[in-house]
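K.L.:
Take this structure first; my questions come after.
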Amino acid sequence: MLYSDLAHWWPLFSPPEHYADEAADLLPTLLSAPAHRPQMLLELGAGGGSLAFHLKRAFQLTLTDISPAMLAVSRQVNPECEHAVGDMRTLDLGRQFDLVLIHDAIMYMTDPPSVQAALATAYRHCAPGGAVVIVPDVVKETFTPKTVTGGEDGPDGRGLRYLEWVWDPDPGDDTYEVFFAFVLREADGSLRVEHDRHRFGLFARNAWLEWLQEAGFEPTVRTDPWGRDVFTGTKAR
């Protein structure tokens, strides 16, 4: 629901201004990861384009996502960027890029074969000497249950508030769940409540490093200021 029926609410849920600090932290990694000065970047799972809004100043972007509704939002935010609908596990654009970026959309890969398929897509689209950068929300070593609240008011009179409940119903498996509750205020003041449930993959740090290596990349990992693992994989020339 969040990425289809509620996609037009995305700018009030996760707007570009929320990503300014993260983009500033990612930019040095993106610029230094390839063997040459990167110009063209492919983002797999770009969603509403909020992170891309900041990165397009440094790169020529191609933004892909499995949701046409989310790409419609991104086209409004990033009209100068190329957009293409596609599943990160099977996408084949028939060309290569200096960089491939997979942000938190990688969390929807809930089993090892799905992660490996996404990494194969990244490798296929990565030029020799290029790199992939992957930023999962958490790995097994950093997962903690939490509750997050937020939301924004729009210039058109609409408003959104949400509660995000992160929990792991079965610590013995490789997934966890995120439950969203939304209170939506239309421009006429009317209110409604919606909810949505998501399942995310949860894998160990070493598993990520092994899968990157198996895909053909030379992997490294660093910790960002928010405690997340940022994985980089370089492709041989």
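K.L.:
With θ set to phi - 60° and the Karplus curve 6.51 cos²θ - 1.76 cosθ + 1.60, what are the ³J(HN,Hα) couplings of region 68-78 in order, to the nearest whole Hz, using x for Gly and Pro?
P.N.:
So the Karplus estimates, Gly and Pro as x, are x, 5, 6, 5, 5, 5, 4, 4, 5, 7, 10 Hz.
K.L.:
Output ³J(HN,Hα) for region 198-213: one whole-Hz value per residue in order, computed from phi by the Karplus curve 6.51 cos²θ - 1.76 cosθ + 1.60 with θ = phi - 60°, and x for Gly and Pro.
P.N.:
Here the 3J(HN,Hα) series is 10, 10, 10, x, 9, 10, 6, 4, 5, 5, 4, 5, 5, 5, 4, 5 Hz.
K.L.:
Can you give the Rg to Rh ratio for the chain, taking only C-alpha atoms and Rh from Kirkwood?
P.N.:
0.96
K.L.:
Non-local amide H neighbours of Cys126 (under 5 Å, H modeled in plane, Pro and chain starts lacking H): which ones?
P.N.:
Long-range HN contacts for Cys126: Phe97.
K.L.:
Which translational diffusion coefficient, to the nearest whole µm²/s, is obtained for region 56-170 from the Stokes-Einstein equation, given a Kirkwood hydrodynamic radius over C-alpha pairs, 37 °C and 0.692 mPa s?
P.N.:
Translational diffusion coefficient: 198 µm²/s.
K.L.:
Springs between alpha-carbon pairs under 10 angstrom, Gaussian network model over the chain: which of Glu43, Glu141, Glu152 fluctuates most?
P.N.:
Of Glu43, Glu141, Glu152, the Gaussian network model singles out Glu141 as fluctuating most.
K.L.:
Which trypsin sites (Lys or Arg not before Pro) in region 1-99 sit in a loop by DSSP (not H, G, I, E or B) and have at most 14 other Cβ atoms within 10 Å of their own Cβ?
P.N.:
Listed in order of number, the matching sites are Arg57, Arg95.
K.L.:
Long-range amide H contacts for Val100: which residues qualify at under 5 Å (H placed 1.01 Å from N, peptide plane, sequence gap of 5 or more or a different chain)?
P.N.:
Leu42, Ala131, Val132, Val133
K.L.:
May I pose another question? What do you get for the angle between helix 112-125 and the principal long axis of the chain? Use alpha-carbon atoms, 0 to 90 degrees, nearest ten.
P.N.:
70
K.L.:
Whole angstrom only: what separates the Cα centroid of region 49-80 from the Cα centroid of region 108-157?
P.N.:
Their Cα centres are 15 Å away from one another.
K.L.:
With both partners inside region 88-191, how many of the DSSP beta bridges are antiparallel, as a percent to the nearest 5?
P.N.:
Restricted to region 88-191, the bridges split so that about 75 percent are antiparallel.
K.L.:
In what sequence, highest mean first, do 66-74, 207-215, 153-161, 22-30 appear when ranked by Cβ atoms within 10 angstrom?
P.N.:
In descending order of packing, they fall as 66-74, 207-215, 22-30, 153-161.
K.L.:
From the residues Leu184, Ala7, Tyr123, which one has its Cα farthest along the dipole of the chain in the positive direction, the dipole being from +1 and -1 charges on Cβ of Lys/Arg and Asp/Glu about the Cα centre?
P.N.:
Checked the options; the winner is Tyr123.
K.L.:
Where does the chain land at 222 nm, in deg cm²/dmol rounded to the nearest 500, when only DSSP H runs of n ≥ 4 count, each adding -39500 (n - 2.57), divided by all residues?
P.N.:
Mean residue ellipticity at 222 nm (helix-derived): -7000 deg cm²/dmol.
K.L.:
Whose amide H sits under 5 Å from the amide H of Val139, counting only residues 5 or more places off or on another chain, with H placed in the peptide plane?
P.N.:
So Val139 has HN proximity to Asp229.
K.L.:
In sequence order, what are the phi-derived ³J(HN,Hα) couplings for region 8-21 according to the Karplus relation 6.51 cos²θ - 1.76 cosθ + 1.60 with θ = phi - 60°, rounded to whole Hz, with x for glycine and proline?
P.N.:
Here the 3J(HN,Hα) series is 6, 8, 3, x, 9, 9, 8, x, x, 5, 6, 10, 4, 5 Hz.
Only the coordinates and a few stated rules stand behind these numbers; no lab work does. Predicted, not measured: the structure shown is a model, and the values here were computed from it. Here Cβ is always computed from backbone atoms with ideal geometry, including for glycine, and neighbour counts include all displayed protein chains.
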